[in-house]
Amino acid sequence: MNNIKDRFRVVFSVPRKDRIDDLAWHLMTKGYIITQRKFGKYLSDPPKVAGYDVDLIGKKGKDYLIGLIVDSDDNFTKEFTEKVEILAGRKTKYTYRPVPLYLSVPADRLNELRKAISAVSDESRKNIRIHVYTSTQLPSLFSEESQRTKAFIN
């Protein structure tokens, strides 16, 4: 099949909210707590970071992270690499710890993203983590086995 046709099929079949949910689930399994995220029911939207929109912000102890969803309509131009370099080069306010940047990308755009990241400086590239989005169903936090069943006495 044509690669372009597959790319558009993947993007239009998976809403952005589900991609953010997948990245949040991945980060929670690594021990992070999501403090702000887009499309969250109970969490607020994250503020702009260095003038750029981000999709989620998380925390683990004193370490923070920034999450960004790479869409299929994103072109890996010079503006995109500048955005990634600025976000990956962030440090915390008082302790100057590096803030990792998690990029969630569909599997078919992974090689293009790697080429774009190769143009980023080495210091910023150390803070970039890539999460490959898979369109599989997320596991339920509340499995049917762990739910109690009510016993009625007649």
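Of all residues in the stretch 88-102, those being outside any strand (DSSP E or B) and surrounded by 13 or more Cβ atoms within 10 Å (Cβ to Cβ) number 6.
Out of the stretch 51-87, which residues are among the aromatic types (Phe, Trp, Tyr) and surrounded by 15 or more Cβ atoms within 10 Å (Cβ to Cβ)? Steps first, answer last, please.
Keep residues of the stretch 51-87 that are among the aromatic types (Phe, Trp, Tyr), which gives 52, 64, 76, 80.
Selection gives TYR64, PHE76, PHE80.
Residue count for the stretch 36-58 satisfying the condition of being modelled with pLDDT under 90 and outside any loop (DSSP other than H, G, I, E, B): 4. Are any residues in the stretch 107-143 modelled with pLDDT of 85 or more and not in a helix (DSSP H, G or I), and if so, which ones? Answer for the stretch 107-143, where residues must be modelled with pLDDT of 85 or more and not in a helix (DSSP H, G or I): SER118, ALA119, VAL120, SER121, LYS126, ASN127, ILE128, ARG129, ILE130, HIS131, VAL132. Filtering the stretch 59-70 to residues that are part of a loop (DSSP other than H, G, I, E, B) and in contact with a Ser or Thr (Cβ under 8 Å, 6 or more places away or on another chain) leaves LYS62, VAL70. Contact map, the stretch 22-41: residues that are buried (at least 20 other Cβ atoms within 10 Å of the Cβ) paired with residues that are part of a loop (DSSP other than H, G, I, E, B), Cβ distance under 6 Å, separation 6+ or inter-chain. Pairs shown: ARG37/LEU43.
The values are calculated or read from the model by the stated rules, or taken from the named source; none is laboratory data. Bear in mind that the values here come from a model prediction, so they are computed numbers and not experimental data. Note that each Cβ is placed from the backbone with ideal geometry, even for glycine, and that neighbours are counted across all protein chains shown.
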